[in-house]
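Report on the structure given below.
The values are calculated or read from the model by the stated rules, or taken from the named source; none is laboratory data. All values reported here derive from a predicted model rather than from experimental measurement. Quick reminder, even Gly has a Cβ in these numbers, built from the backbone with ideal geometry, and neighbours come from all protein chains shown. Areas reflect the complete protein model, heavy atoms only, side chains present, ligands, DNA and RNA absent. Shrake-Rupley method; radii C 1.70, N 1.55, O 1.52, S 1.80 Å.
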Amino acid sequence: MTLSEQFLSEDLHPIDIVEHIAEHHDWDFDRVADDQIAMAVEGQWRTYSITLAWSEQDETLRLICTFEMDPPKGRMAELYEVLNSTNDMCWAGAFSYWAAQKLMVWRYGLVMAGGQSASAEQIDTMIRAAVLSAERFYPAFQLAVWGEETPEAAMRIAMAEAYGRA
C-alpha cells in the first residue's frame with residue numbers, strides 16, 4: 001500500500017500526514033502543536049532535526065532541516081562561499097547558516113494555495129530531499145571549515161549526485 005492510499009477519502013491536516021509518515025518510517029517525533037511537528041531522522045553522516053509547520057495564512061507547509069555547525073571564525077568566508085555554491089546546485093530548497101544558533105539549515109516551503117492538499121508521497125519526498133541534500137553537502141561544509149580546503153576543492157566532493165549503493 002502506498003503512503004497516500006489510506007488518505008484518499010479523508011481531508012487531513014498536513015501535519016497529521018507528516019505524523020503518519022514519521023510513524024511509517026519509525027522516526028522519533030514530537031507533535032509540538034496542532035500545526036507543527038519535530039522529528040529526528042538518522043542519516044549517514046549524522047542525525048538531522050526536521051521541523052515541519054503548517055501556516056494556514058500562507059497556505060504553506062514549511063520544512064526546516066538542521067544540524068549543528070560551529071565553524072572557526074577564520075573560516076566563515078569559506079563557509080559562505082560553499083553555501084553560495086551549494087545553493088546554486090539545489091533545485092528545491094536552500095541552505096543558510098544561523099550563526100546565533102550555530103545551525104546549518106536547509107529550508108523549503110510547499111505552497112498549497114487555493115485549498116490544495118499535499119499527498120503523503122509529496123511530503124515524504126520533501127523530507128527525503130532535505131536529508132539527501134544535507135547528506136550530499138555535509139562533507140563539503142566540513143572540508144571547507146575544518147579541513148581547510150578551498151571552497152572549490154570542498155565542492156568537488158558534492159559535484160556529482162550518487163544514485164543507488166555501491
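Filtering the range 95-117 to residues that are among the hydroxyl-bearing types (S, T, Y) and either at pLDDT below 95 or in a helix (DSSP H, G or I) (or both) leaves only S117.
Would you confirm whether any residue within the range 25-45 is closer than 24 Å to V145 by Cβ, of a type in the set (D, E) and surrounded by 16 or more Cβ atoms within 10 Å (Cβ to Cβ)? I'd like the intermediate steps shown before the answer.
Here is the first cut: in the range 25-45, the ones closer than 24 Å to V145 by Cβ are 40-45.
Keeping just the survivors that are of a type in the set (D, E) gives 42.
Now drop any that are not surrounded by 16 or more Cβ atoms within 10 Å (Cβ to Cβ), which leaves none.
Looking through the range 25-45, none of the residues is closer than 24 Å to V145 by Cβ, of a type in the set (D, E) and surrounded by 16 or more Cβ atoms within 10 Å (Cβ to Cβ).
Of all residues being among the charged types (D, E, K, R) and touching a residue at least 12 places away in the same chain (Cβ under 8 Å) in the range 79-108, which is most open to solvent (accessible area, probe 1.4 Å)? Just the residue, please.
For the range 79-108, the residue satisfying everything is R107.
Residues in the range 60-78 that are of a type in the set (D, E), surrounded by fewer than 16 Cβ atoms within 10 Å (Cβ to Cβ) and not in a strand (DSSP E or B): D70 only. Of the residues making up the range 137-153, at least one is under 30 Å from A53 (Cβ atoms), open to solvent by 10 Å² or more (accessible area, probe 1.4 Å), in contact (Cβ under 8 Å) with a residue 40 or more places away in the chain and not in a loop (DSSP other than H, G, I, E, B).
Checked against the criterion of being over 14 Å from the mean Cα position of the chain (by Cα) and closer than 24 Å to H25 by Cα, the candidates Q36, Q101 yield just one match: Q36.
A Cβ distance below 8 Å, combined with a sequence gap of six or more or placement on separate chains, defines the contacts here; from the range 25-39, residues that are closer than 14 Å to S55 by Cβ reach residues that are modelled with pLDDT of 95 or more and among the basic types (K, R) in the pairs I37/R31.
Which residues, taken from the range 109-132, are in contact (Cβ under 8 Å) with a residue 60 or more places away in the chain and among the polar types (S, T, N, Q)? Lay out the reasoning, then the answer.
To start, the set of residues in the range 109-132 that are in contact (Cβ under 8 Å) with a residue 60 or more places away in the chain comprises 112, 117-121, 123-124, 126-127, 130-131.
Those that are in contact (Cβ under 8 Å) with a residue 60 or more places away in the chain and among the polar types (S, T, N, Q): S117, S119.
Under 17 Å from Y138 (Cβ atoms) and in a strand (DSSP E or B), is that true of A40? For A40, the condition - under 17 Å from Y138 (Cβ atoms) and in a strand (DSSP E or B) - is met.
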